[in-house]
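A.B. asks: This is the structure I want to talk about, given as structure tokens.
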Amino acid sequence: MELKACAKLNLTLDVLGKRPDGYHDLCMIMQSVELADTLTLEPNGDGALRVRTNLHFLPGNEKNLAAQAALRWWESRHQPCRGMDIAIEKHIPVCAGMGGGSSDAAAVLRALNEMESAGLPPQAVARIGEQVGSDVPYCVLGGTALAEGRGELLTPLPPLPRCWVALCKPEFSISTPALFARIDSVRLRCRPDTRGAVAALEAGDLAGVARRMYNVFEDALPDRQQARVKDVKNVLIQCGALGASMSGTGPTAFGLFDSEAAAREACERLSDLGGEVFLTRTI
Ligand code: C5P
């Protein structure tokens, strides 16, 4: 079976506090975009799980979230793991805050639900994903959604009016656990207006959503990295973005555009600065 695993963006991201279990309570609006990895799953009959990708530095064994998802699937079915070869063609930048690994894991769960004719509703597939990572349940469902708790408590929202997205992942990568650890010790200067953004979604007001986008992790980035993310956001706004923000724990920053030409122009300007640059659309 061949299927796509879409990237996600955080339109807003707020950290509400640290929990006794070591995780943080979050409040964020998630949005799927067309930029996607392609997965091919093939049962191999020898009981082993193998992952192959076009990026040599990604794990090919059970450390890969795609393989972990398959293991959790068989556990939840109370059946022995049937072997499978998983090939992933990566397009979503890695360690970028765009949910690439989580989305690959979610795609494996969706595929197994179909290949095994299990017929689980998406919410039940999402619950299996919770054990793989906090963003996996959202990646199973996709679209526009409010995510709370660890990220696994999902409320579908009215879809963001379709728009163009220019995004740039700067040259460095961010460790998600390390940035969560930093956020506990920084004073947050600004919080996103998630309630206002939800109201704007309900009104179908793209500019209203874009204006309210913010991600508190920007304040937790080390100075040089923070400056680089700010530079990307400035270019996006100068090129006519309705709003710009960082996604997840970064460092990818993106802008929403109602004009394709302006989004293309932003991508050209961003390419001159370096990093991985993509033009995509919201789903
Ligand atoms: O759930 P996931 O494995 O993706 O999380 C990776 C790490 O990110 C966790 O071990 C934790 O350090 C941090 N995290 C957190 N609060 C969340 C989600 C993740 O502190 N809500």
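A.B. asks: With just the Cα atoms defining each centre, how far is region 54-119 from region 1-51? Give it in Å.
C.D. replies: 10 Å
A.B. asks: What would the Debye formula give as log10 I(q)/I(0) at q = 0.11, 0.13 Å⁻¹ for the alpha-carbon point model of region 77-192, no solvent?
C.D. replies: The computed values of log10 I(q)/I(0) come out as -0.48, -0.67.
A.B. asks: Same structure, new question: Report, to two decimal places, the Cα Rg of region 139-214 normalised by 2.2 N^0.38 Å (N = number of residues). Can you show the working numbers first?
C.D. replies: Working: Rg = 14.8 Å, N = 76, 2.2 N^0.38 = 11.4 Å.
So the Cα radius of gyration is 1.30 times the expected 2.2 N^0.38 Å.
A.B. asks: Let me check I've understood the local charge: for residue 208, count other residues with C-beta under 13 angstrom from its C-beta, Lys and Arg +1, Asp and Glu -1. What total comes out?
C.D. replies: On the way: positive: 195, 211, 212; negative: 193, 202, 205, 258.
Around residue 208, the surrounding residues sum to -1.
A.B. asks: Net charge around residue 256, counting only other residues with Cβ within less than 13 Å of its Cβ (Lys, Arg = +1; Asp, Glu = -1)? All intermediate terms of the calculation are to be shown ahead of the outcome.
C.D. replies: On the way: positive: 162, 211, 212, 233, 281; negative: 205, 258, 260.
Residues close to residue 256 contribute a combined charge of +2.
A.B. asks: Here is a follow-up. Which FRET efficiency, nearest 0.05, do residue 81 and residue 227 yield, Cβ-Cβ r, R0 45 Å? If you can, show how the numbers build up before the last one.
C.D. replies: Details: r = 46 Å, r/R0 = 1.03.
In this case the efficiency is close to 0.45.
A.B. asks: Structure shown: which of 8/169; 4/230; 90/169; 18/230; 63/230; 4/63 lie over 24 Å apart, alpha-carbon to alpha-carbon?
C.D. replies: Details: 8/169 13 Å; 4/230 31 Å; 90/169 15 Å; 18/230 26 Å; 63/230 33 Å; 4/63 21 Å.
Result: 4/230; 18/230; 63/230 exceed 24 Å.
A.B. asks: Thinking of the chain as a set of Cα atoms, what percent of all their pairs are more than 27 Å apart?
C.D. replies: Numbers: 15247 of 39903 pairs.
Within the chain, distances greater than 27 Å cover 38 percent of Cα pairs.
A.B. asks: Once the cut-off is 20 Å, how many percent of the Cα-Cα pairs in region 129-283 end up in the long-distance tail? Write down the numbers at each step before the final one.
C.D. replies: Values: 6248 of 11935 pairs.
Value for region 129-283 (Cα pairs over 20 Å): 52 percent.
A.B. asks: Using only helices, what value at 222 nm comes out for the chain when you add -39,500 (n - 2.57) per DSSP H run of length 4 or more and divide by the total residues, to the nearest 500 deg cm²/dmol? The partial results should precede the final answer.
C.D. replies: On the way: 9 runs with 95 residues, N = 283.
The per-residue figure over the chain is -10000 deg cm²/dmol.
A.B. asks: Let me ask something else. Treating each Cα of region 38-134 as an identical point scatterer and ignoring solvent, apply the Debye formula and state log10 I(q)/I(0) at q = 0.13, 0.15, 0.22 Å⁻¹.
C.D. replies: Debye output, listed in q order: -0.40, -0.53, -1.17.
Every number in this text was worked out from the coordinates using simple rules, so none of it is lab data. Note that the coordinates shown come from a computational prediction; the quantities given were computed from them, not determined experimentally. Cβ atoms come from the backbone with ideal geometry, glycine included; neighbour counts cover every protein chain shown.
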